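I have placed the structure first, in the form of C-alpha cells, so that the comments after it can refer back to it.
Nothing in this text is a laboratory measurement; each read-out follows from the coordinates by a stated rule. These numbers come from a predicted model, not from an experiment. No Cβ is skipped: glycine too gets one built from the backbone with ideal geometry, and neighbour counts run over all protein chains shown.
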There are 2 protein chains.
Amino acid sequence: MEAKIKNTPARLAITQLFENTDSPIDIEQIIAFLRSKKLKTNKVTVYRIVDFLYKNEIINRLEFGEGKFRYEVKKEDHHHLVCSNCDVVEDVSDVFIDKFEKDIAKKGFLVKSHSLEFFGLCKNCQL
Amino acid sequence: MEAKIKNTPARLAITQLFENTDSPIDIEQIIAFLRSKKLKTNKVTVYRIVDFLYKNEIINRLEFGEGKFRYEVKKEDHHHLVCSNCDVVEDVSDVFIDKFEKDIAKKGFLVKSHSLEFFGLCKNCQL
DNA sequence: TAATTATATGCAACTTAGTTGCATTTGTCA
DNA sequence: TGACAAATGCAACTAAGTTGCATATAATTA
C-alpha cells in the first residue's frame with residue numbers, strides 16, 4: 001500500500017502552479033508564486049514537495065546550464081529551445097531521438113532517458 | 001593584440017590533464033590530479049583556469065544532472081552515454097542533430113549550440 | 001466530533017559548488 | 001635583471017540544496 005499524501009496548502013498550490021505553467025520553472029519561481037498566494041512556505045518544504053513530485057514522475061528535472069535545476073510537468077517527449085537572451089523556452093516535439101536510441105541499443109547501452117536542449121536566439125531576440 | 005598567457009605550473013598541468021583525459025571531469029577531479037602532481041593549487045585558481053579554457057572555447061561545459069559542471073576538450077560534435085550505475089561516459093557521434101537544427105531554423109529560432117545526453121546502463125552494469 | 005497518528009512542516013544549521021576583492025607572487029620580455 | 005601584466009592565494013561570501021529534530025496538521029476511525 002502506498003504512502004498516503006496529505007493535501008496541504010503548499011502541495012495543492014505547487015501542483016496547481018505546475019498544471020498552469022508551460023515553461024520550466026525553478027525553486028525561486030515556485031516560492032514567489034506561493035508568496036503571491038499569501039503562503040509563506042519554507043524553502044525546505046518547497047524542495048521536499050518538488051522532490052516528491054520528481055520521484056513520483058509527475059514532473060521532469062531539467063538543466064539549462066544555469067547551475068540549478070528547473071522543473072516542468074511530464075508531457076510527451078519533447079525538447080527545448082532556450083533563448084540565451086530573454087530566457088524564453090519553446091518546446092519542439094521529438095522526431096529523431098527514437099531512431100538514435102535504437103542505434104545505441106545495438107551498441108549494448110540501455111537507454112533509460114535522455115535530454116536534448118538547443119540554445120540560441122528566439123525570433124524576437126534576433127532583431 | 002591578445003592577452004598573453006603565462007605558462008604557470010597549474011595551467012600547464014590542467015592543460016595536460018585535459019589532453020590526456022577522455023571523459024568529462026569535474027573541478028574535484030582536477031584538484032585531485034594537481035595534488036597527485038604535488039601542486040597544491042587553490043580551488044579558486046582551478047575555477048579561474050577552467051573558466052579561461054571554457055571562455056576561449058578550448059573545453060566544453062556539460063551537465064549530467066548532478067548539480068555541478070563537467071568539462072572535456074572540445075572535439076567533433078558528439079553526445080554522451082552516461083551510465084547511472086558506474087558513471088562511465090561513452091561518446092556517440094552525431095548523426096541526426098544537424099537535420100533537426102534545420103527544422104528549428106525554419107521556425108525562426110537561431111541555434112547556437114545544443115546538448116544531448118543519454119542516461120541508462122552500460123553493457124557491464126546490465127548484468 | 002474528538003482522539004490518534006502518520007505525514008508534512010519549520011527552523012537552524014550545514015554542505016557543496018562556485019564567486020569576489022584585494023594583496024602578493026611570478027612568468028615573460030625588453 | 002628589472003618592470004609589469006598576468007596569475008595566484010586567502011578569506012570571506014553567495015546560492016542551491018540538504019539534514020536532524022521538534023512541532024503542527026490532514027485524514028482516518030472510534
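Observations on the structure shown:
- Taking the Cα centre of the range B:23-66 as origin and assigning +1 to Lys and Arg Cβ atoms and -1 to Asp and Glu Cβ atoms, the resulting dipole is close to 400 debye.
- Within the range A:3-127: Cβ-based charge dipole about Cα centre, in debye rounded to nearest 20 (Lys, Arg +1; Asp, Glu -1): 820
- Rounded to the nearest 0.05, the FRET efficiency derived from the C-beta distance between B:F52 and A:I27 at R0 = 25 Å is 0.25.
- Ranked by the mean number of other Cβ atoms within 10 Å per residue, highest first, peptides A:108-116, A:17-25 order as A:108-116, A:17-25.
- Springs join every pair of Cα atoms under 10 Å in this Gaussian network model of chain B, and among B:D87, B:D77, B:D98 the largest mean-square fluctuation is at B:D98.
- With a 10 Å cut-off around each Cβ of B:98-109, the average count of Cβ atoms from other chains is 4.
- Comparing A:R70, A:R48, A:R61 in a Gaussian network model of chain A, where Cα atoms under 10 Å apart are tied by springs, the biggest mean-square fluctuation is seen for A:R48.
- Counted charge near B:I25, where neighbours are those whose Cβ lies closer than 10 Å (Asp, Glu -1; Lys, Arg +1): -3
- Amide N proximity, the range A:74-101 versus B:K102 label position 7 Å along Cα-to-Cβ, cut-off under 15 Å: A:96
- FRET efficiency estimate (nearest 0.05) - Cβ-Cβ, B:N7 to A:N20, R0 45 angstrom: 0.20
- Net charge of the neighbourhood of B:K106, taken over other residues with C-beta under 15 Å away and scored Lys/Arg +1, Asp/Glu -1, is 0.
- Reference-scaled alpha-carbon Rg (2.2 N^0.38 Å with N residues) for the protein assembly as shown: 1.15
- Rounded, prolate or oblate (a/c below 1.5 giving rounded, otherwise prolate when a/b exceeds b/c) for chain B by Cα gyration tensor: oblate
- With a 10 Å cut-off around each Cβ of B:60-69, the average count of Cβ atoms from other chains is 3.
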